[in-house]
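**Student:** Handing you a structure now.
The values are calculated or read from the model by the stated rules, or taken from the named source; none is laboratory data. Given the structure is predicted, the values throughout are model-derived calculations rather than measurements. As a convention, Cβ positions derive from the backbone with ideal geometry for all residues, glycine included, and neighbour counts pool all protein chains shown.
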Amino acid sequence: MTEKDEILSAAVFNPNKVNLAIGTSHGNVYLASIREDVSKGGRPRFLVGKLDNIQSNNSAVTSLNFSLFDPFGSFLVSFDNGTIKTW
């Protein structure tokens, strides 16, 4: 659950045109996927999940980047306190 003063500070689409990441002013990162829902006539379905234990001392996310590898690759997150994390 986000706090009232938490705002989006960075976002990026994966080169696969299906996945995206959203970073916030509180250092939270959410990964999302846009998929076709066959059971609902092909309408888009938006799935979102929060990455746990990613925060860097409540510093805002300043940059997000996916690698070009699909379906496996790496993910880079930078924060306004100078911290950089990768998965």
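**Student:** Looking at (1) over 15 Å from Thr83 (Cβ atoms); (2) under 13 Å from the mean Cα position of the chain (by Cα), which is the one condition that is false for Ile7?
**Tutor:** Unmet condition: (2).
**Student:** Could you figure out which of (1) surrounded by 11 or more Cβ atoms within 10 Å (Cβ to Cβ); (2) of a type outside the set (Gly, Ala, Ser); (3) at pLDDT 85 or above isn't true of Ile54?
**Tutor:** (3)
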